[in-house]
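S.K.: Just dropping this structure here.
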Ligand code: FAD
Ligand code: UDP
C-alpha cells in the first residue's frame, strides 16, 4: 500500500485514480459510509427504477476544459440543462432572476433597458463592489423588493443565520439576467452522466491498484486502516472534516445539514420540472426535487408514478452529515488555526469540501484534486523514489 485516501467522494477518487493510473501506486480508499461516491452518490428507487440523487440534486457543469476532458474518460453526458422555478405566494416564477421573473413580478413588459433602470433604482442602497454580506450583495444585485420575495425567507430557511452574517459569495452563485434566459448555470459544459452518477464513480475506482473499503471510519482504531496506524507510515489524502481530524482542538466549525423526505407519488408528473424552490417562510422545506425530469431521455421510467424529495435544512451536530460550511467570522478564525495545525502533518494532504471547509462544486473538487496531484503528490512520490 503506497497511499491511503480517506473519503471516496470526487476529490478522493480523482487522487486515487491518478495515483493508480499515472504512477502505478497501490491505493486503499476508505469511506465510513456503506457506499462509494460521497455526496454525489445516486441509486435507483426500487419501486420505480428512477435514479435518485441520495444527497440532493447534483448537476454537473464546468467551464474548465481539462476537468471536462478528464470526466469524459469515465462517463458520457446527456444534454440536460438545469432550470429552476420558485413558488412565492402561490405563484411560480422562473429563477435565477431574469427578465421573465422581473416582468411577472411587477406585472409589466419591460425591455432589458427598462428593467435595468428599474432594478438599478431599487438596488441603489448598496454598491455591489463593496457589499459586505449576503443581504447587501443580494439587494445591490436585484433590489429590495425581489430580495424580499425570493431570497430573504429562502435564505433564512436554508441557513438559519442572519443574512448580514453570511458571506456575499453565496449569492454570487446565482446569475442575474436582463433577458429571458433562465438556465441556472453559465458554464460552457453541462450535462448529467448518461448511466448515472454511481456508474461514473465506480469506473473511477475500477483499477487493479485501487481497493475500496466501505464502512470504515478513519478514527475507528478497531479497523486496520486508521489515523494512528497510518499517519507517518504512508502518505494520506484526507477528505473528512478538518476539525474532526484534530479532535476539535480549535473548536467546532459550523455546518448546515439537510434532511430529505422521499416519496413515491402515484402520478406521472408531480410538478412539471426537476427542482421547485419554495421562497416563503410558510413552507417548511426549501425545495422539492422530482428526479424523473433529470432524464427525459430514459424510456423505462413509469408514466404513472414519480419520485419526489422534499429538502429541509438545519444546523449540523457532530452526528449529522455536514453539507454546507456556514463560514461565519468565528468559523474563519478557527479554520486559520486548523491550517496552522495542518502544517505539522506534512504527510497528510487535506482536500475536498470537508477537508478544506469550502463549498466546492463537483468540477471544483475534481479540478483541485487534479492540481494537488500534479503540484504536490506526484513530485512527492518522485522525490521518495
Ligand atoms: P464528499 O462527496 O463529501 O466526500 C467525502 C467522503 O469522505 C464522504 O463519502 C464521507 O463519508 C467520507 N468521510 C468523511 N469522514 C470520514 C472518516 N472519518 N472516515 C472515512 N470516510 C470519511 N456539486 C455540483 O457540482 N453540482 C450540484 O448540483 C451539487 N449539489 C449539491 C447538493 C448538496 C446538497 C451538496 C451537499 C453538495 C452538492 N454539490 C454539488 C457538491 C458535491 O457534492 C461536491 O462537490 C462533491 O461531492 C465533492 O466531493 P468531496 O470528495 O470533496 O466530498
Ligand atoms: N437562494 C435564495 N432563493 C432561491 C435560491 C437560492 O435565496 O430560490 C440563495 C440561498 O441563500 C442559497 C444561495 O442563494 O444558499 C445559493 O443558491 P444555490 O441554488 O446555489 O444553492 P445550493 O444549490 O447550493 O443549495
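S.K.: Could you compute the FRET efficiency for residue 320 and residue 172, with r as their C-beta to C-beta distance and R0 at 30 Å, rounded to 0.05? Before the final figure, lay out each step's value.
M.R.: Working: r = 27 Å, r/R0 = 0.89.
Given R0 = 30 Å and the Cβ-Cβ separation, E is 0.65.
S.K.: Something else: What is the distance in Å between the Cα centroid of the range 315-385 and that of the range 211-242?
M.R.: 16 Å
S.K.: For the range 1-156, what does the alpha-carbon gyration tensor say about shape, rounded, prolate or oblate, given a ≥ b ≥ c as the root eigenvalues, a/c under 1.5 as rounded, and a/b over b/c as prolate?
M.R.: Prolate is the answer for the range 1-156, as a/c is 1.5 or above and a/b outweighs b/c.
S.K.: Quick one: if you stick a label point 7 Å off each Cα along the C-beta vector at residue 1 and residue 202, how many nm between them?
M.R.: Each label point lies 7 Å from its Cα, and together they span 2.4 nm.
S.K.: Mind giving me the nanometre distance, one decimal, between the label points for residue 44 and residue 110, set 7 Å out from Cα along Cα→Cβ?
M.R.: Computed distance between label sites residue 44 and residue 110 equals 4.8 nm.
S.K.: Looking at the range 277-339 from every direction and averaging, what is the projected area of its Cα convex hull in nm²? Mind showing how you got there, number by number?
M.R.: On the way: hull surface 31.7 nm².
Approximately 7.9 nm², given one-decimal rounding.
S.K.: Which residue fluctuates most in the GNM of the chain (Cα springs below 10 Å): 155, 188, 101?
M.R.: Judging by the Gaussian network model, the answer is 188.
S.K.: Compute the projected area of the convex hull of the Cα atoms of the chain, averaged over all viewing directions, and report it in nm² to one decimal place.
M.R.: Values: hull surface 80.7 nm².
That works out to 20.2 nm², a quarter of the Cα hull's surface.
S.K.: Also: In vacuum, with every alpha carbon of the range 97-172 counted as one equal point scatterer, what does the Debye formula give for log10 I(q)/I(0) at q = 0.13 Å⁻¹? Two decimals, please.
M.R.: Taking Cα atoms of the range 97-172 as identical point scatterers yields -0.38.
S.K.: Please identify, among 343, 168, 76, the residue showing maximal mean-square fluctuation in a Gaussian network model of the chain using a 10 angstrom Cα cutoff.
M.R.: 343
S.K.: The range 257-304: D in µm²/s via Stokes-Einstein (Kirkwood Rh, Cα pairs, 10 °C, 1.306 mPa s)?
M.R.: The estimated diffusion coefficient comes to 129 µm²/s.
S.K.: Hey, another quick one. Would you please classify the overall shape of the range 68-208 from the alpha carbon gyration tensor, given that a ≥ b ≥ c denote the square roots of the eigenvalues, rounded means a/c under 1.5, and beyond that prolate means a/b larger than b/c while oblate covers the rest? Before the final figure, lay out each step's value.
M.R.: Details: a/c = 2.39, a/b = 1.81, b/c = 1.32.
Judged from the Cα gyration tensor, the range 68-208 comes out prolate (a/c at least 1.5, a/b above b/c).
S.K.: May I ask you to compute the full-extension gain from residue 132 to residue 181, defined as 0.36 nm times their residue separation minus their alpha-carbon distance, rounded to one decimal in nm?
M.R.: Value of the extension gain: 14.8 nm.
S.K.: Between the helical axis of 362-372 and the dominant principal axis of the chain, each derived from Cα atoms, what acute angle in degrees is found, rounded to the nearest 10?
M.R.: With rounding to tens, the tilt is 40 degrees.
S.K.: Let me ask you something else. Tell me the angle of helix 112-122 to the major Cα principal axis of the chain, expressed in degrees between 0 and 90 and rounded to the nearest ten.
M.R.: Result, in degrees: 80.
S.K.: So, in nm, how far is label residue 265 from label residue 215 when the simple model puts each one 7 Å beyond its Cα toward the Cβ?
M.R.: Spacing of the two 7 Å Cα→Cβ label points: 3.6 nm.
S.K.: Here's something else I'd like to know. Assuming R0 = 30 Å, what is the FRET efficiency of residue 380 and residue 35, from their Cβ-Cβ distance, to the nearest 0.05? The partial results should precede the final answer.
M.R.: Working: r = 30 Å, r/R0 = 1.00.
Plugging the Cβ-Cβ distance into 1/(1 + (r/R0)^6) gives 0.50.
S.K.: Report, in whole Å, the centroid distance computed from the Cα atoms of the range 10-24 and the range 125-204.
M.R.: Between the Cα centre of the range 10-24 and that of the range 125-204, the gap is 32 Å.
S.K.: Please identify, among 311, 211, 69, the residue showing maximal mean-square fluctuation in a Gaussian network model of the chain using a 10 angstrom Cα cutoff.
M.R.: Answer for the Gaussian network model of the chain: 69.
S.K.: Still on this structure, please answer the following. Calculate, for residue 257 and residue 156, the FRET efficiency according to 1/(1 + (r/R0)^6) with r their C-beta to C-beta distance and R0 25 Å; round to the nearest 0.05. Present the calculation step by step, with values, prior to reporting the outcome.
M.R.: Working: r = 17 Å, r/R0 = 0.66.
That gives a FRET efficiency of 0.90.
S.K.: Right, another one. How do 141-149, 275-283 rank on mean C-beta neighbours within 10 Å, highest first?
M.R.: Peptide ranking by packing, descending: 141-149, 275-283.
Laboratory data are not the source of any read-out in this text; all were calculated from the coordinates shown. Only a predicted model underlies this, so the values are computations on that prediction, with no experimental measurement involved. Every residue, glycine among them, receives a Cβ derived from its backbone with ideal geometry; neighbour counts consider all protein chains shown.
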